[in-house]
Amino acid sequence: MIQVQAVGFAIYEKMQNKQLRTYWQLAIMSNSKRQCRNCKERFRPSEGIITSNNIALCSLECLTLLAIKKGIQSRPKLIKAAEKAIKDDTRKRKKALITRSKWYATLQKLINQYIVRVRDKEKPCFTCGTTSQNIKYDCGHYIHAGRGGADRRRFLFINLHKQCSMQCNQFGGGMPEVYAQKIIEVYGAKKLEWLKCEANHPTLKELFPHWSDIENEIIRYRKLLRNNGLTPVS
Ligand SMILES: [Zn+2]
Ligand SMILES: [Zn+2]
């Protein structure tokens, strides 16, 4: 028991530094109580530790005791285990605090890069047809992401095409009329109507029920870009 207290104290001391203190300061969304794996007490997640493999522990002492029960005996190892648990938990909580709009922005950058550099790589500007090599190209939306970036079509491929940056995307404001014509040409008039009607498309929340669903999509695009010899922009 003395050893446990000593270890607990050592960990506590380590927590005095800024990085670990942040852990306690992070706001906790969930109020539903969890049961401590060690002492079986019920506690608020904000007042304890949730390890990366979802083991709930009410305190550092219980984390230490559980580690000992599991056969981790040496003091440095215990501290290491505790630190890892805290680090994993901090990372998870930080991720949970990233707003959806930030996740979407990261994903959008990757999809844009994919459209311009992979899917439409050999294609001219969608709206003016230029193939000039010396200019910048963007990924132009027909229907824009909108206020708060909430438009449900912002990641839809039919809504995204390589566009010359200056002439069409910026000065031309995306050239919506030409864009519509081109969609009709390439995909057909019915597809354009389908794209335009918001009710035809799932909401972003339906597409990605949890933030980790967006993260998975981000991981998938990063891999896709790397497989095409590119360095992901975000
Ligand atoms: Zn406990
Ligand atoms: Zn253009």
Filter result (aliphatic (A, V, I, L, M) and at positive phi) within segment 175-234: M175
Where H144 falls short, out of the listed (1) closer than 21 Å to D213 by Cα; (2) more than 16 Å from ligand 1 (Cβ to nearest atom): (1)
Spans of helices (runs of 4 or more DSSP H) in segment 139-217 with at least 1 residues more than 16 Å from ligand 2 (Cβ to nearest atom) and touching a residue at least 60 places away in the same chain (Cβ under 8 Å): 204-207
K92, sole failed condition from (1) in contact (Cβ under 8 Å) with a residue 40 or more places away in the chain; (2) buried (at least 20 other Cβ atoms within 10 Å of the Cβ); (3) not assigned by TED's automatic domain parsing to the domain that holds Q167: (2)
Segment 124-138 - residue that is in a loop (DSSP other than H, G, I, E, B) and within 25 Å of A105 (Cβ to Cβ) and, of those, nearest to ligand 2 (Cβ to nearest atom): C125
Exclusive hit being outside any loop (DSSP other than H, G, I, E, B) and either in contact with a His (Cβ under 9 Å, 6 or more places away or on another chain) or modelled with pLDDT of 75 or more (or both), set T90, T22: T90
Subset of segment 188-234 (residues that are modelled with pLDDT of 95 or more, surrounded by fewer than 14 Cβ atoms within 10 Å (Cβ to Cβ) and touching a helix residue (DSSP H, G or I) at 6+ places or on another chain (Cβ under 6 Å)): W194, N200, N228, V233
Enumeration of residues in segment 95-123 that are among the β-branched types (V, I, T) and either within 16 Å of R222 (Cβ to Cβ) or assigned to a helix (DSSP H, G or I) (or both): T106, I111, I115, V116, V118
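The values are calculated or read from the model by the stated rules, or taken from the named source; none is laboratory data. For clarity, every value in this text was computed on a predicted model and none was experimentally measured. Quick reminder, even Gly has a Cβ in these numbers, built from the backbone with ideal geometry, and neighbours come from all protein chains shown.
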